[in-house]
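Worksheet: one structure, shown below.
The values are calculated or read from the model by the stated rules, or taken from the named source; none is laboratory data. Everything numeric in this text was worked out from a predicted model, so none of it was measured. As a convention, Cβ positions derive from the backbone with ideal geometry for all residues, glycine included, and neighbour counts pool all protein chains shown. What goes into the accessible areas is simple: the full protein's heavy atoms, side chains included, and nothing from ligands, DNA or RNA. Shrake-Rupley method; radii C 1.70, N 1.55, O 1.52, S 1.80 Å.
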Amino acid sequence: MQNDSLKSYLHFHVIVFIWGFTAVLGALISIGATALVWYRMLIASLVIFVYIKIKGISLKAKGKTLLGLAGVGVLIALHWLTFFGAVKIANVSITLAMMSTGAFFTSILEPIFYKRKIIWYELVFGLLVIGGLYLIFEVETRYTEGIIVALISALLAALFTLFNGKYAKKHDSVMISFYELLTGALFITVFLAVTSRFDASFFQVQQTDWIYLIILATVCTAYAFIASVKVMKHLTPYTIMLTTNMEPVYGIILAFLILGDAEQMNTGFYFGAILILLTVILNGILKNARRRKAARVLNTIKTN
């Protein structure tokens, strides 16, 4: 069992590393953000559909559930549109640093979704995150538009994560992913059809872009999702949270190594990014300690 946990832990680091590479691929792909997300969601949903058929996973779901998953699929599509839009407008480092605020948005929205009181340290951490954002805004004014778009993406990520948290308790995660990716692709298809963007040029994709798109849709989306579901069975939520927070670190390092000078930021940016990241990690540590304390109290009550 301990060996399984170690393998899962190392495997999950590889998955998070792959997630960090996603933004770099977005920068390398020359097509626009809308076309990029459409291809990604369509190819990934087809790959997962093949996986479902091989594994014999049921796709049955009630109409209300399907409608809810479709809504989340639209949120995911909007999240990825703004995510890759931010990469195109600004760069990978800015986008990933802003994505670190997703945990902050979640801590604000979680009390509303689950009807609980706001914890005092969440407000303190919120102020620290704002301080980190202020440092980045101060030194990287040329990327203001990209920063704003990336923050919107982080907020959308927090929203669909909270919704998925409720669905994941009742339904198979692979089935959820399939419907969400498919409906996200359909949502963008309708948008492109209404705005008359499905012209010949839309389907004229360079060979290198096809290679990057296939890697993005298969390895970074379909595989990473299915693998993450499997390894999470052997890991604690605390370990998952801490490891996931390495995504912007891996991504920023990869961006600097692959994209070079385009990713070089001012010193203030790194101070701001580190402040945001440390705040998110500390928030997770305190939340984990709070959960353990609550579990001990509950066990004591049951014993007595």
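Placing VAL92, VAL50, VAL139 in order of accessible area, with the largest value first and a 1.4 Å probe, yields VAL50, VAL139, VAL92.
Surface calculation, 1.4 Å probe, protein heavy atoms: TRP38 sits at approximately 30 Å² accessible.
Of the residues SER93, THR244, TRP38, the one whose Cα sits farthest towards the positive end of the charge dipole of the chain is THR244 (charges of +1 on Lys and Arg Cβ, -1 on Asp and Glu Cβ, taken about the Cα centre).
Could you tell me which of rounded, prolate or oblate describes the stretch 161-291, using a ≥ b ≥ c as the square roots of the eigenvalues of the alpha-carbon gyration tensor, with rounded for a/c under 1.5 and, failing that, prolate when a/b is larger than b/c and oblate otherwise? Here the stretch 161-291 falls in the oblate category.
A Gaussian network model of the chain, with springs between Cα atoms under 10 Å, assigns the largest mean-square fluctuation among HIS171, HIS13, HIS79 to HIS171. Of the complete DSSP H runs in the chain, those spanning 20 angstrom or more by Cα along the long axis with a mean Kyte-Doolittle score not below 0.5 are 2-28, 33-55, 63-89, 120-139, 144-168, 173-194, 267-303. In the assembled protein chains, THR141 presents an accessible area of approximately 90 Å² (probe radius 1.4 Å). PHE256 exposes around 100 Å² of accessible area when a 1.4 Å probe is run over every protein chain in place. From helices alone, the chain scores -27000 deg cm²/dmol at 222 nm; the rule is -39500 (n - 2.57) for each run of n ≥ 4 DSSP H residues, then divide by the residue total. Shape class for the stretch 81-197, computed from the alpha carbon gyration tensor (a ≥ b ≥ c): oblate, with a/c not under 1.5 and a/b at or below b/c.
Charges were assigned to the Cβ only: +1 to each Lys and Arg, -1 to each Asp and Glu. The resulting dipole of the chain about its Cα centre is roughly 1840 debye. State the label only: which of (1) 85, 44, 35; (2) 71, 52, 39; (3) 91, 57, 35 corresponds to Cα extents along the principal axes in Å computed from the shown model? Correct label is (2).
Classify the stretch 1-81 from the C-alpha gyration tensor, please: rounded if a/c falls under 1.5, else prolate or oblate depending on whether a/b exceeds b/c. Taking the square roots of the gyration eigenvalues as a ≥ b ≥ c, the stretch 1-81 is oblate.
Rolling a 1.4 Å probe over the protein heavy atoms of the chain, with every protein chain left in place, gives an accessible area that is 68 percent carbon and sulfur. For the chain, the solvent-accessible area of protein heavy atoms averages 52 Å² per residue (probe radius 1.4 Å; ligands and nucleic acids excluded).
Distance from the Cα centroid of the stretch 74-145 to that of the stretch 31-61 is 27 Å (rounded to whole angstrom). When the listed pairs LYS117/LYS230; LYS64/LYS287; LYS115/LYS293 are checked against a 26 Å cut-off, the alpha-carbon distance exceeds it for LYS117/LYS230; LYS64/LYS287.
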